[in-house]
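Below: the structure, in C-alpha cells.
Laboratory data are not the source of any read-out in this text; all were calculated from the coordinates shown. What you see is a predicted model; the values in this text were computed from it and never measured. Virtual Cβ from ideal backbone geometry, glycine too; neighbours counted across all protein chains shown.
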Amino acid sequence: MESRLTDVKKHPLEKGWHSKAVNPDIFIDGCTQIWPDADFAKLNDCGVTAYCLTAFRPLHPGEAAMDGMADWWRVARTYPEVRIALKADDIVEAKKQRQAALILSAQGGDFLGQNLNRLEIFHKMGLRVMIPCYNSRNPLGDGVMEPENGGLSMLGKRWVAECNRLGIVIDLAHTGIKSSMDAIELSKHPVLFSHANPRALVENRRNLTDEQMRACAKTGGVVGVSNFGPMLFRPDQTTRPTIEQFLEAVEYAVNLIGIDHVGIGTDMSHGTYPDGDLIRTRNAGGAPRYSEFVEISSRSRLRYVQGFDDYGQIVSVADLLTKRGFSKDDVRKILGENFLRVFRQVWGG
C-alpha cells in the first residue's frame, strides 16, 4: 500500500519550465486534501501556488466543522510558508513570497443544518468555496448519488443567494444534476465544478453532462478536470487509466466550453489518507470496477492516473499540453488563471 505523501524537488514548475520557454504564474488545484502528518512547511515546494483545501470532512456537523476551520488558522500561524487566501490578491502575493495559499473549502453543506445564518460566520472564518451536497441528500438538496435527482430545496435556493451576497464561490462537484442546474440558474456569479470529468467520455455519476458543462461556462465558471482514476475508468477497461486519458478529458472540455472555462482539480492529498475512511467507499467514485481491477485504498497512488499521481508531475502535464497544441497562454489559464479570474470576480481583490 503506497502512501500519498508527496516527495518532490523544490519548485519543479519553475525549474522545469524555463527550458520550455513557458513560465506559468500560478498553479491552483481545484480540490485537495491535506492531512495532519503533511509537511506543511513544504506545501509550496512542488510548484502548487494555491490549494482549494477541504477544510473539514464532508458530513461533519457544525461544531466539528468549526473546529476544522479553526485548526487551519493554527497551521497558518505556525508555518510562515503558508497563508490563508481571503481574496484573490492573497494568491498572487503567495506566489511572490513562495508561500502556499490555502483556500478553505467545504465539500457539502451538512454543517449548516437548517440554519443558513451559520454561513456568514463560516465566511468570516475564511470559507471561500462551498459544495452544497456531497453525493447524498442534505437540507440543501440532492447529491449526485441520489436516484430521485430532486434538485435544490427551498433552503438550498436561499443558500445560493447567500453565497452570492457573501462572496463564496459555489462549487457543484458531487452535486446532483438537477441541483447543479438549479444553482446555475439562480447564481449571479460564476460557479465551479472543481473536480469532475466529461460524462461523454466516461459514463460515471460523478462526471458531467455536456449540458452541465455548457451551463457552468455560461456563468463564466470553470470545470476542473480531474486525474482521479475512477472518473476516467472506461467500462471496458481493466488497467489503470493513463495521463493520456486525463489529457483527452482536458481537450474535450476545452473544445466543448472554451479555453477560459477549464482548470485542474486533482483531488490528491498531502499526508496520509486515514484508514477506514467512510467517505470514499468502494462505490463512492461511481466505479466499483476500479476497486476490483486496480485499487481500493484511498492512500494508493494507483487511485490516480499513471503519469499524474504526484504533484511534481504537473511539469509533464504542462509539457504534454503544449505538445497537443495548447499555447503558453492556454496552459497558464488551465493551470490557474481561470480559477483566479473566478475568485477575483466573486471575492474581490
Distance in nm between label sites at Thr209 and Asp89, each 7 Å beyond Cα in the beta-carbon direction?
4.2
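Calculate, in nm to one decimal, what Asn117 and Phe293 gain on full extension: separation in residues at 0.36 nm each, minus their alpha carbon distance.
58.8 nm
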Between Asp25 and Lys157, what FRET efficiency comes out of the Förster formula 1/(1 + (r/R0)^6) with R0 = 41 Å and r the beta carbon distance, rounded to 0.05?
0.65
Taking a ≥ b ≥ c as the square roots of the eigenvalues of the Cα gyration tensor, with a/c under 1.5 meaning rounded and otherwise prolate when a/b exceeds b/c and oblate if not, the chain is rounded
Around Ile259: net Lys/Arg minus Asp/Glu count, Cβ-Cβ under 11 Å:
-3
Remind me, what semi-axes does segment 36-102 give for its equivalent ellipsoid, largest first in whole Å, using sqrt of 5 times each Cα gyration tensor eigenvalue?
22, 13, 10
In the neighbourhood of Glu93 defined by beta carbon distances under 10 Å, the net charge of the other residues (Lys, Arg +1; Asp, Glu -1) is +2
Only bridges whose two residues both fall in segment 50-174 count here: according to DSSP, what percent of them are antiparallel, nearest 5?
15
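Considering only DSSP beta bridges with both partners in the chain, what is the antiparallel share in %, to the nearest 5?
Antiparallel bridges: around 10 percent, rounded to the nearest 5.
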Write down the percent of antiparallel bridges among all DSSP beta bridges whose residues are both part of segment 124-221, to the nearest 5.
40
Between segment 90-141 and segment 164-184, the Cα center-to-center distance that results, in Å:
12
Mind scanning Lys157/Lys218; Lys178/Lys333; Lys96/Lys328; Lys157/Lys188 and naming the pairs with a C-alpha gap bigger than 23 Å?
Lys178/Lys333
Starting from segment 174-218, pick out the GluC sites (Glu not before Pro) whose DSSP state is loop and whose Cβ has at most 14 other Cβ atoms within 10 Å.
Glu203
From DSSP H assignment alone, runs of 4+ in the chain each adding -39500 (n - 2.57), the sum over residues rounded to the nearest 500 puts [θ] at 222 nm at -10000 deg cm²/dmol
Full extension from Glu185 to Glu244: what is 0.36 nm times the residue separation minus their Cα-Cα distance, to one decimal in nm?
17.9 nm
Note down the nm distance, to one decimal, between modelled labels 7 Å out along Cα→Cβ at Ile259 and at Gln97.
3.3
